[in-house]
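Chemist: Before I ask anything, let me first share the structure, which is written out below as structure tokens.
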Amino acid sequence: MSQSPSSSNVTIVPLTDNVLKDIDSDPEAEQEAQDMELIIQQAWEKLRLVNEAWERCQEVQKKLEEEKKLLVAAMKLVTKEVVELVVDREWRILLQVSLQISSALD
């Protein structure tokens, strides 16, 4: 008993010679269709893995940018403290020199 092409359980795929064929009646075509389905599933899995890797990369990039901002802020703070220490030291040196000059003049 043959099935009509409009039947819902018949799968039709184009072949290389552009002839539509009922794969249920052609084991080779059925195998090719199964192989293609496997290839498509593998491609989707690879795409999922690539997307996951991309997301992880984005997370790492964001974390690195945040760490960079923290390092820049810390460097600015350390620089400010160093400048304040240098200025304070210079003032103490000037005060000592001034006191020495003043006591030498007396």
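Chemist: If the Cβ limit is 9 Å and pairs must be 6+ apart or interchain, which residue in segment 55-74 that is of a type in the set (Gly, Ala, Ser) pairs with which residue that is exposed (fewer than 10 other Cβ atoms within 10 Å of the Cβ) and outside any helix (DSSP H, G or I)?
Modeler: Taking only residues 6 or more apart or on different chains, not a single pair turns up.
Chemist: Sticking with this one: I'd like the residue in segment 93-106 that is of a type outside the set (A, V, I, L, M, F, W, C) and surrounded by fewer than 10 Cβ atoms within 10 Å (Cβ to Cβ) and, out of all such residues, is nearest to the chain's Cα centre (by Cα).
Modeler: Residues of segment 93-106 that are of a type outside the set (A, V, I, L, M, F, W, C), as a first pass: 96, 98, 100, 102-103, 106.
In the following step, the residues that additionally are surrounded by fewer than 10 Cβ atoms within 10 Å (Cβ to Cβ) were identified as 102-103, 106.
Values: 102: 67, 103: 69, 106: 73 Å.
Within segment 93-106, the match that is nearest to the chain's Cα centre (by Cα) is 102.
Chemist: Somewhere in segment 18-28, is a residue modelled with pLDDT of 55 or more, surrounded by 10 or more Cβ atoms within 10 Å (Cβ to Cβ) and part of a loop (DSSP other than H, G, I, E, B)?
Modeler: There is at least one residue in segment 18-28 that is modelled with pLDDT of 55 or more, surrounded by 10 or more Cβ atoms within 10 Å (Cβ to Cβ) and part of a loop (DSSP other than H, G, I, E, B).
The values are calculated or read from the model by the stated rules, or taken from the named source; none is laboratory data. Computed from a predicted model, the values in this text were never measured in an experiment. So basically every Cβ, Gly included, is an ideal-geometry build from the backbone, and we count neighbours across all protein chains shown.
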